[in-house]
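Here is the structure we will look at, set down as structure tokens.
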């Protein structure tokens with residue numbers, strides 16, 4: 001019911017939340033991203049019920065964020081892979097990580113580090129403008145109605 | 001109960017989800033960001049129940065993402081403002097918007113456009129590396145344990 005409400009908003013945030021807007025989905029996505037991509041591995045890593053995990057995986061497959069691929073015939077077993085749409089959602093996770101590292105990690109420091117292939121350095125993501133390539137923050141923009149503003 | 005579970009994971013994604021990990025919070029944040037920041041305005045814009053809205057606003061204030069400021073004494077009324085911690089969460093929303101625009105907006109196009117103050121152009125955010133400033137995507141990094149990896 002809540003899902004229908006969010007979809008009805010002509011808003012790309014609401015629509016994104018329709019796909020990953022409950023807390024398990026981003027954690028499942030991140031696990032698949034780091035290679036924890038079989039049902040039993042996911043279940044044990046996240047400590048999630050089999051019922052909820054099944055439901056979330058089916059939802060993410062329906063949304064074309066993950067695909068399911070058999071890795072064993074007997075017994076039949078599947079692993080989950082990111083689609084291009086899912087890979088781009090993982091970019092969002094990198095931004096979430098950055099915020100969490102800055103504001104929630106405390107004195108212990110970041111639980112996870114990311115090494116950028118291009119430069120080989122431990123780095124985090126920064127947001128740049130697609131047009132002028134200088135930093136672009138939420139406080140640096142005007143918000144205007146777009147072509148899809150009407151329902 | 002779910003909140004406790006997520007906090008227990010040494011993971012900046014899980015900790016970020018503790019703050020905004022239910023679908024209303026990001027939409028409330030975005031409304032405050034665009035200037036819809038009084039209780040009644042928020043309620044009417046989002047079509048959310050007063051009970052849930054009160055609960056979510058109190059949570060976001062507790063988490064120091066929003067602050068509450070009186071704008072009327074009789075009757076007592078408050079508006080909500082972003083803290084620096086909250087402003088940085090809005091950066092995450094810009095990345096969410098970008099994903100939603102690409103993968104969910106369809107033929108109608110983006111519901112909302114963002115004009116970058118620095119260059120004056122309609123733009124979206126791109127993720128760059130904090131070290132070498134070239135594009136940095138989730139598919140471009142190695143994931144390593146950080147100093148805060150142990151609980």
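Apart from one condition, residue B:113 fits all of (1) within 7 Å of chain A (Cβ to nearest Cβ); (2) closer than 30 Å to residue A:36 by Cβ; (3) out of contact with any helix residue (DSSP H, G or I) (no Cβ under 7 Å at 6 or more places or on another chain); the exception is (2). Does at least one position in the range A:134-151 carry a residue that is on the phi > 0 side of the Ramachandran plot, out of contact with any strand residue (DSSP E or B) (no Cβ under 7 Å at 6 or more places or on another chain) and more than 7 Å from chain B (Cβ to nearest Cβ)? No, because not a single residue in the range A:134-151 is on the phi > 0 side of the Ramachandran plot, out of contact with any strand residue (DSSP E or B) (no Cβ under 7 Å at 6 or more places or on another chain) and more than 7 Å from chain B (Cβ to nearest Cβ). Does residue B:70 meet the test of being over 30 Å from residue A:126 (Cβ atoms), at pLDDT below 95 and touching a strand residue (DSSP E or B) at 6+ places or on another chain (Cβ under 7 Å)? Judged against the criteria, residue B:70 is a match.
The values are calculated or read from the model by the stated rules, or taken from the named source; none is laboratory data. The model shown is predicted, which means the values in this text are computed figures rather than measured ones. With ideal geometry, Cβ positions are generated from the backbone for all residues, glycine too; neighbour counts draw on all protein chains shown.
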